[in-house]
1. Taking the residues in the range 321-340 that are modelled with pLDDT of 95 or more and among the basic types (Lys, Arg) as candidates, determine which candidate is nearest to Lys449 (Cα to Cα).
2. Can you tell me which residue is surrounded by the fewest Cβ atoms within 10 Å (Cβ to Cβ) among those in the range 246-259 that are among the hydrophobic types (A, V, I, L, M, F, W, C) and under 14 Å from Gly308 (Cβ atoms)?
3. For the subset of the range 283-317 comprising residues that are aliphatic (A, V, I, L, M) and not in a strand (DSSP E or B), which member is farthest from Thr362 (Cα to Cα)?
4. Output the residues belonging to the range 415-473 that are among the β-branched types (Val, Ile, Thr) and outside any helix (DSSP H, G or I).
5. Going by the conditions given, is Asp419 closer than 23 Å to Asp541 by Cα and loosely packed, with under 14 Cβ neighbours inside 10 Å?
6. Do we have Leu240 as in contact with a His (Cβ under 7 Å, 6 or more places away or on another chain) and surrounded by 13 or more Cβ atoms within 10 Å (Cβ to Cβ) here?
7. Going through the range 219-260 one residue at a time, which ones are of a type in the set (Ser, Thr, Tyr) and touching a Pro at 6+ places or on another chain (Cβ under 8 Å)?
8. Could you list, in sequence order, all residues of the range 484-511 that are more than 16 Å from Leu534 (Cβ to Cβ) and either part of a strand (DSSP E or B) or not assigned by TED's automatic domain parsing to the domain that holds Gly460 (or both)?
Amino acid sequence: MLSRLFQRGLPKLGGGPSMMGLVQARFNSSSASVQAAPFSTTTSEQDKPKRTRRKKQRRVMKDGPHNTGLHQLCSLSPELSKIVGASKASRVDINKKLWGYIKSHNLQEESDKRNIKPDAVLGKHTYSSSILDGLIESMSSSDNKATVESKEEPKSQDSEQFETPASSTPAEPVDDVAHEQAEIKDLLDKMHIAPAAPPKAHKFWNTQPVPQLGPVPEDARGPIDEPKKVSDIPKEPYNLPAAFEWSNIDVNDPEQIQEVYTLLNENYVEDDEAMFRFDYSPEFLRWALTPPHYVPEWHFGVRVKSNGKLVGFITGIPATMDIRGDELRTVEINFLCVHKKLRSKRLAPVLIKEVTRRVNLTDRWQAVYTSGAILPRPITTARYHHRSLNPKKLCEVGFTRLAPRMTMARCIKLYKVADHPTTSGLRPMEMKDRKQVTKLLNEYLSKFKAHPILSQHEVGHWLLPRENVIQTYVSYWEMVREENGKVTDFLSFYSLPSSVLGNDKHKTLYAAYSYYNVANTVSLKQLMSDALVLAKQEGYDVFNALNLMDNNEFLEDLKFGRGDGDLQYYLYNWKCPFMEPQDMGLVLL
């Protein structure tokens, strides 16, 4: 899973079959039969079910009831057989009856507890493979029991033929209903359906001033924690285990930034298959951590006392945010990392509490951060989308794969971009563009419910081009004199490569990430099409973008593929109702 890394998704090659379809396949292949099913008779070759057209994708009985998986399942319970025993019933109809019965007899809570999630109307189901094993085992034991009973108490052909239909059965007394409920519960037990996993406990976050999971009023706003003063904040750092010590990190020192790079490169975000790992370069880290007015004490870590090795790290940078009309002096928290071998030491909560203490000492009480995990409580959830620029390499490293009936030649042609940008006057941003770009950006961001408020110095830091770090291009119109030129549009993307693990041919995957883009005289689609061209020219393999702000205007048309994971946005110590990703105007690195 790469939701923690690229948020990318491999193509899905069709969904899995329903449980009943799998049960039928298992029983058809094993030639098992139930000899004493209360609704079945000996079937001839003519009575066997026939497939309808493939387009219908279901099995319908011609003359009599099923003698396959679902009906063998019902042989475990005479009451269930009455529900599904009608002839010429499709699996969809039978499923609707079966699950409708569970709901009407107040067994919904029981089925929910056991993680049964059928969509009865469409006949689609979500089940684990352990259910099938339980069904096979249960039905096999039932088959043996049924065979013995049929030998002891054989039924005459006449009694089979004139058995009272289920539709004419009189109303059942309360005792019978209770008996049926017990039968269903017993059936669920036999299916070995495990109860749904309880919600994950957040022992640390439940003690912090963050919105807890659950609905939030639309007008919620303001701090969560009781107002404090700087004088209330402890001046001494939190205690660490005896073997560790706090250490401030100077990101401008080559040796110290190299230590940070090594820690992140070996222990930071990695996909579950251990195929890719973020590769933050020292130059990128310096850019990300040294904006105007940054506080050096907010960059610190944990070292081992005995050898001085850096084993934990966390950072904060100052930022001004507008949250639904409230202007807040906040801090952006990033790069929380603990060495893999020490994650049982509970260092991460101590790092978070320590950075909170240090930030509070500067009279800042709110923070913003992101995570791939669901914590209490996101203010929005965004999804990464990916545009292939080098399909051949992406397939070779396992980032994606060819769709069925797609050749590599056709794939390369499909994702080919233009040779040159189409927007007039497009050139790299320069220092003289700062004032105009700042005005354009702040005006654009002001329409979103949550967004940063940036000064000229901050815009210059974040957007002026840096090789292999950040690229910004402006559409610049020359006037009579050069100093009177006008910036009308701009695009930007930053570079975040990933190490390719265990691949002999490729060692690095070069990824460009959409940053801030403002389109006034051209469409956003055209502007981002030019961004793809520029990224391709600079050697990137893939272009990534979140569905934030107005990005949905170009994602589909420019052939971005939807990733398979979410990125959660969080606020610390501020009430805020959930918002759509299109209302979020902040991009965190």
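1. Arg324
2. If we take residues in the range 246-259 being among the hydrophobic types (A, V, I, L, M, F, W, C) and under 14 Å from Gly308 (Cβ atoms), then Trp246 is surrounded by the fewest Cβ atoms within 10 Å (Cβ to Cβ).
3. Going residue by residue through the range 283-317, those that are aliphatic (A, V, I, L, M) are 285, 288-289, 295, 302, 304, 310-311, 314, 317.
Narrowing the set further to residues that are not in a strand (DSSP E or B) leaves 285, 288-289, 295.
Numbers: Leu285: 23, Ala288: 20, Leu289: 17, Val295: 10 Å.
Residue satisfying both the conditions and the ranking: Leu285.
4. Restricting attention to the range 415-473, the residues satisfying the condition of being among the β-branched types (Val, Ile, Thr) are 417, 422-423, 437-438, 453, 459, 469-470, 472.
Across the range 415-473, the qualifying residues are Val417, Thr422, Thr423, Ile453, Val469, Ile470, Thr472.
5. It is true that Asp419 is closer than 23 Å to Asp541 by Cα and loosely packed, with under 14 Cβ neighbours inside 10 Å.
6. Working: in contact with a His (Cβ under 7 Å, 6 or more places away or on another chain): no; surrounded by 13 or more Cβ atoms within 10 Å (Cβ to Cβ): yes.
So Leu240 fails the test.
7. Of all residues in the range 219-260, those of a type in the set (Ser, Thr, Tyr) come to 231, 238, 247.
None; the set is empty.
8. Result: Lys486, Val487, Thr488, Ser498, Ser499, Val500, Thr508, Leu509.
The values are calculated or read from the model by the stated rules, or taken from the named source; none is laboratory data. Computed from a prediction, not measured in an experiment: that's the story for all the values here. Positions of Cβ are backbone-derived with ideal geometry, glycine not excepted, and every protein chain shown enters the neighbour counts.
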